[in-house]
Structure formats: C-alpha cells, structure tokens
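Remarks on the structure that follows.
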C-alpha cells in the first residue's frame, strides 16, 4: 500500500486545501499562500500579545520540547533557537516548507486525532514542555479528553503542557457589538457548522480538561486580542492594527469549507457573509477584540 501524498492539494472555491485532510475530514482549512501569509501575521500578533513569551510556565534548561500543530513552524523555530541544547519535535498534518530549520528541530507529519503513540516520533515520559496551539479546527469533538491524556503521558514527571486557542465569538468593550451584527452572524454560522464534529468553544474548557486529566498547578489567562488600532495604548494599538489583516483572512479561511459543505452555503453566499463581517471588523468605534485563552498544567513529579 502506497504512502499518502501529504503535499497534494485540491482547489475548492478558489482556495487550495491539503487533499489528504479534506478526504479524511481532518483539517479543512486552506494551505495556500493567502493562508501562509495569515499564519505569519498571526504568529507575530500573538507573540506581541504575549509580551514576547513563547511559554508561560517557568521552565529552566529544557531538554525535549514538543509542539502539536506547528503550522509554518515559527514557534518551533523560535524555541529551538532559544534553547540550542534542547531537542525540539514539531508535528502537523500538513508538511509546510519552513524557511529555516535549526539542527535541533525535527518536523514530522502526524494526525493529532490519532493516539500520540508512534515510537518513531513520541517518547513517553520524556518532554519538558508540550505546546498545543490553534488546533481546534482539526481536532474531533470526542478526541479532546484523550488528546490531553496522551500529551500528559509524553511529559516527563514535572513537565508542563501549554494550550492556546481562540474563542471566535467576537467581543466589544462596553458591549457595543449587537447580537444582530455581521460578526455575530459569522460566528453563529461558523459555530453551527463546526458543531457537527468539532468543538468551536473548546477555549473555555482547556483548564478543565487538564484538571480532569490529573494535571497539577493548572492555571491560565485570557488575553483580549484587539481588532484594529483603537486602543489608547500604543503597543496594543500596534497589535490591533496588525491583527486586522489576520482577521480579514481568518474570516474566509476558517469558514469557506464548513459553511459550503455543512451549511449548504454557496461560495458567493460565504463571500457576502465574510465581506460584511470584514467591513464591520474595521469599525474602530466598536472596539472589537478576540478572546485568546491560554492554559497550562504540570504533570506530577512522582512517577
């Protein structure tokens, strides 16, 4: 039996998707140049939002780090460069071409819906840190509990898990975004489409999943990611300005497949919805933001 061609693409509504992911209903988000540009912007925006921190737990001299869902590899490359003596492994369903790969970084193809037990990639009780970030569109609804347990099994005693996800129900300071807004309509349609077999509200549950899996020292934070330069703080305004580009692309990238395949939308109807939401996102008077949830937990030091 021949191995799957993970690089093969299929064009759907003028967007390029990974054929393997679409055929197997894994990660039905485009992998084309527009999405790659968005991922670059997203990384920069989130990095600034987090104050330049790659992770929040206090970890000294890590020896092994794993990233689940590496995208274009910016986080994995950055952490490999920061810890040159550390062995970094990064996995993703789509093998994107990274502009640079440090000698201590190994990238592997893997479907995170499968158990994390491939001995050629994963070593139990070995990792000081596992970072899972923005994987919600690709994780099956009934996989989350076992996914967190799998990551715990890979951590060394005392190792840390960090998880980061959007909650894409757009918010506004002062509650000025009405429930009949275009962004609210986008969220309702997107969430309804994803509810079929995904969990679009998983960001709220990250700490609970870690607690249920037996993690210690579970904690987290919610960062309000501004959309547009409306904040009086110069740093936040700069983040918001850059995030406008991220959101403009995200609205189409995340919605085009689920809305056409699960909600019966035509591509033109999706465009009408996303164009209206995109226009509204540029309204600085609304003071819009996206909640970004970060959660972390520690595996017991006892073996």
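No value in this document is a laboratory result; all are computed from the given coordinates. Remember, it's a predicted structure, so these values are computed and weren't measured experimentally. Using ideal geometry, Cβ is built from the backbone for each residue, glycine included, and neighbour counts are taken over all protein chains shown.
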Expected max-MSF residue from 80, 191, 267 in the GNM of the chain (alpha carbon, under 10 Å) is 267
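Give the average over all directions of the projected area of the C-alpha convex hull of the range 1-43, one decimal, in nm².
Working: hull surface 14.2 nm².
That works out to 3.6 nm², a quarter of the Cα hull's surface.
Semi-axes of the equivalent ellipsoid of the range 15-89: what are they in whole Å, largest first, if each equals the square root of 5 times a C-alpha gyration tensor eigenvalue? Display every interim value, and only then the final one.
Values: eigenvalues 151, 50, 19 Å².
In descending order the semi-axes read 27, 16, 10 Å.
How large is Rg over Rh for the range 72-215, taking Rg from the Cα atoms and Rh as the Kirkwood inverse mean of 1/r across Cα pairs?
Values: Rg = 17.4 Å, Rh = 17.1 Å.
Ratio of gyration radius to Kirkwood radius for the range 72-215: 1.02.
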When a footprinting reagent is the concern and you count Cβ atoms within 10 Å, what order do 50, 170 take, fewest first?
50, 170
Could you tell me the calculated FRET efficiency between residue 84 and residue 285, based on Cβ-Cβ distance and R0 = 41 angstrom, to the nearest 0.05?
0.30
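Between residue 197 and residue 221, what length comes free when the chain is fully extended (0.36 nm per residue of separation minus the Cα-Cα distance, one decimal in nm)? Numbers along the way, then the final one.
On the way: separation 24, 0.36 × 24 = 8.64 nm, distance 2.65 nm.
The span from residue 197 to residue 221 would gain 6.0 nm if fully extended.
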Say R0 is 25 Å: what FRET efficiency, to the nearest 0.05, do residue 126 and residue 53 get from their beta-carbon distance?
0.60
Based on Cα positions only, what radius of gyration and what Dmax would you give for the chain, in angstroms?
19.0, 59
Relative frequency of Cα-Cα separations exceeding 21 Å in the range 151-303, percent
53 percent
What FRET efficiency would be calculated for the residue pair residue 5, residue 145, taking the C-beta separation as r and a Förster radius of 30 Å, to the nearest 0.05?
0.40
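What number in nm² do you get for the range 180-250 if you take the convex hull of its Cα atoms and divide its surface by four? It would help to have the intermediate numbers written out before the result.
Details: hull surface 28.2 nm².
Mean projected area of the Cα convex hull: 7.0 nm².
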Explain nothing, just the number: relative contact order of the chain, from Cα pairs under 8 Å at least 6 residues apart, as a whole percent.
20 percent
For the chain, set up a GNM with springs between Cα atoms under 10 Å and report which of 85, 18, 74 has the largest fluctuation.
85
Would you kindly calculate the translational diffusion coefficient of the range 61-101, applying Stokes-Einstein with the Kirkwood radius from alpha carbon pairs, for 10 °C and a viscosity of 1.306 mPa s, and quote it in µm² s⁻¹ without decimals?
153 µm²/s
Suppose each label sits 7 Å from its Cα in the direction of the beta carbon; what would the residue 24-residue 241 distance come out to in nanometres?
4.3 nm
